[in-house]
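Shown next, in C-alpha cells, is the structure this report addresses.
Each value in this text was obtained by applying a stated rule to the coordinates, not by laboratory testing. Since the model is a prediction, treat every value here as computed from it, not as a measurement. Note that each Cβ is placed from the backbone with ideal geometry, even for glycine, and that neighbours are counted across all protein chains shown.
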Amino acid sequence: MSQVTIQRRRSGVDVVVGILLVLAGVYILANVVLATAFTALLIGWFALVSGVVELVASLFKIKSGNFWSHALGGAVLTVFGIVVLRNPAVTVVVLTILAGSMFLATGLMRVFMAVQVPAGRWAFILSGLVSIALGVIVLFNLVGASFALLGTMLGVQTLLEGLTILLVGRLRKVTLAE
C-alpha cells in the first residue's frame, strides 16, 4: 500500500522567482493604469490567437462530428478578440462592471450564508460586508475604478504570489511505497 504525503520545499529558484514576482507586483501597483490597459490588450490578443488556432484545428475535424462546434467556438473567440482589440476602453469598463458585480454578489452570499452557518458567523459577516462595500464602491465609481481596478487586482495578486513563494515555497506530492 502506498502513502501520499505533501512536502513543502523551497529552493533557490523559488526565492529568485518569489523576489521577481514581488518586484513585478510593486511595479504593477505603481503603474495600475498601464497594467489595466495591458491586461485588456492581452485578453484581446489571447482571444484572437486562440480563435484562429481553433478555426484552423476545426479544419482537421471536418470528417468527425465535432467540426461545427469547434468552428463556431473559434469564430466566436476570433470575433471577441477583434472587438476587444478595437475597443480596449469598453473592455476595461465591462470587466470592471463584472468585477464589481462579483464583489457585490459574493458579499451578499457570505452574509446570507452566515445566517445558516453558526461556526465562524462573524467572519462570514465581516468578509461579506467588506465585499459588499467593495462592490458598491466599484459600481458607483465606475469611471475612476475602470482605470485602476484591473491593474490593482493584477498587482496585488502578483505581489501575493511572490510573497507566498518566498515564504512557503512549492508543495510537492511524494508517494511512499511500502
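Between S64, S50, which is within 30 Å of A148 (Cβ to Cβ) and either free of Cβ contacts under 8 Å to residues at least 12 places away in the same chain or of a type in the set (S, T, Y) (or both)?
Among S64, S50, only S50 is within 30 Å of A148 (Cβ to Cβ) and either free of Cβ contacts under 8 Å to residues at least 12 places away in the same chain or of a type in the set (S, T, Y) (or both).
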Practice problem: Would you mind stating whether R121 is exposed (fewer than 13 other Cβ atoms within 10 Å of the Cβ) and not polar (S, T, N, Q)? | Solution: no
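In the set V156, V168, V115, V130, which member is farther than 30 Å from E54 by Cβ and touching a strand residue (DSSP E or B) at 6+ places or on another chain (Cβ under 7 Å)? Talk me through it step by step, then tell me what you get.
Values: V156 fails: touching a strand residue (DSSP E or B) at 6+ places or on another chain (Cβ under 7 Å); V115 fails: touching a strand residue (DSSP E or B) at 6+ places or on another chain (Cβ under 7 Å); V130 fails: touching a strand residue (DSSP E or B) at 6+ places or on another chain (Cβ under 7 Å).
When all the criteria are applied, what remains is V168.
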